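The values are calculated or read from the model by the stated rules, or taken from the named source; none is laboratory data. These numbers come from a predicted model, not from an experiment. Reconstructed Cβ throughout: ideal geometry from the backbone, glycine too, with neighbour counts over all protein chains shown.
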Amino acid sequence: MDIKFRVRGLKFDDGPKLIKLYYGYYDELRHGNKELGLTLFRKKPTYESEIDWFTGAYKGFLNGSKIAKVAEAGGKVVGLCDISTSRPDSEMDHVGLLGIAIMDGYRGSGIGTALIGAALKEARAKFEIVRLGLFAGNERAMALYKKMGFVEYGRMPRAIKRGKRYFDEVFMYTDFGAKRPKRDT
């Protein structure tokens, strides 16, 4: 698939575009994509709550606690990759958590590789380790993450319940490999 796109940093006016991207996942589920590899709320969040989410994400981007890369194709936001710490100002703030979302119709075009590559490049200055979780059986995503240097470190059986169906969650990480002191176990 040959799609022209560019990767850039997050902008304030991306909020409504990213909400539209996220809401598209609910449409995909409604139209039968039961294998969608993104965990969602049981009920589609309100627009107001998504504006609150974006406001917090944008503040994190501005203050440097979050890395956010956006993919744009034809003037439309079609992807987002962000990395943030889930435990700021703690003994775990050296670990980033990666999330990625790509609009239906744009997956498999290289956008994921470009987004993750740009986010990880910036993350090297901020984090020592980046981790993520994904649906077991999502072979396309697993291959992408492995190509980007992630390795599996565990699985949680039945971690995700979509309707009456369960999915295992696979956990992966990448360590930027700087010389580190011996770790305590």
Looking at region 165-177, is at least one residue of a type outside the set (S, T, N, Q) and under 26 Å from I19 (Cβ atoms)? yes
Looking at region 32-53, can you tell me whether even one residue there is of a type in the set (F, W, Y), assigned to a helix (DSSP H, G or I) and under 17 Å from the mean Cα position of the chain (by Cα)? yes
Is region 23-31 home to any residue that is closer than 23 Å to Y166 by Cβ, touching a residue at least 12 places away in the same chain (Cβ under 8 Å), over 17 Å from the mean Cα position of the chain (by Cα) and not in a helix (DSSP H, G or I)? no
Of everything in region 67-78 that's crowded, with 23+ Cβ neighbours inside 10 Å and farther than 14 Å from K11 by Cβ, which residue is farthest from the chain's Cα centre (by Cα)? V78
Please indicate, with yes or no, whether at least one residue in region 79-86 is surrounded by fewer than 17 Cβ atoms within 10 Å (Cβ to Cβ), more than 11 Å from L10 (Cα to Cα) and not small (G, A, S). no
Filter region 81-107 for residues that are without any contact (Cβ under 8 Å) to a residue 24 or more places away in the chain and of a type in the set (S, T, N, Q); the one that is nearest to G60 (Cα to Cα) is S86
Is it the case that region 20-32 has a residue that's out of contact with any Gly (no Cβ under 7 Å at 6 or more places or on another chain) and within 19 Å of L120 (Cα to Cα)? no
The residue that is nearest to G37 (Cα to Cα), considering only those in region 115-131 that are within 13 Å of the chain's Cα centre (by Cα) and either surrounded by fewer than 20 Cβ atoms within 10 Å (Cβ to Cβ) or among the small types (G, A, S) (or both), is R131
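Table: residues versus (1) over 20 Å from K69 (Cβ atoms); (2) at pLDDT below 95.
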{"site": "R131", "(1), (2)": "no, no"}
{"site": "M148", "(1), (2)": "no, no"}
{"site": "E152", "(1), (2)": "yes, no"}
{"site": "R162", "(1), (2)": "yes, yes"}
{"site": "V170", "(1), (2)": "yes, no"}
{"site": "T174", "(1), (2)": "no, no"}
{"site": "G177", "(1), (2)": "yes, yes"}
When residues of region 8-22 are filtered for being outside any helix (DSSP H, G or I) and buried (at least 17 other Cβ atoms within 10 Å of the Cβ), how many remain? 1
Sole miss for L40 among (1) surrounded by 11 or more Cβ atoms within 10 Å (Cβ to Cβ); (2) within 22 Å of A119 (Cα to Cα); (3) in contact (Cβ under 8 Å) with a residue 12 or more places away in the chain; (4) of a type in the set (A, V, I, L, M, F, W, C) is condition (2)
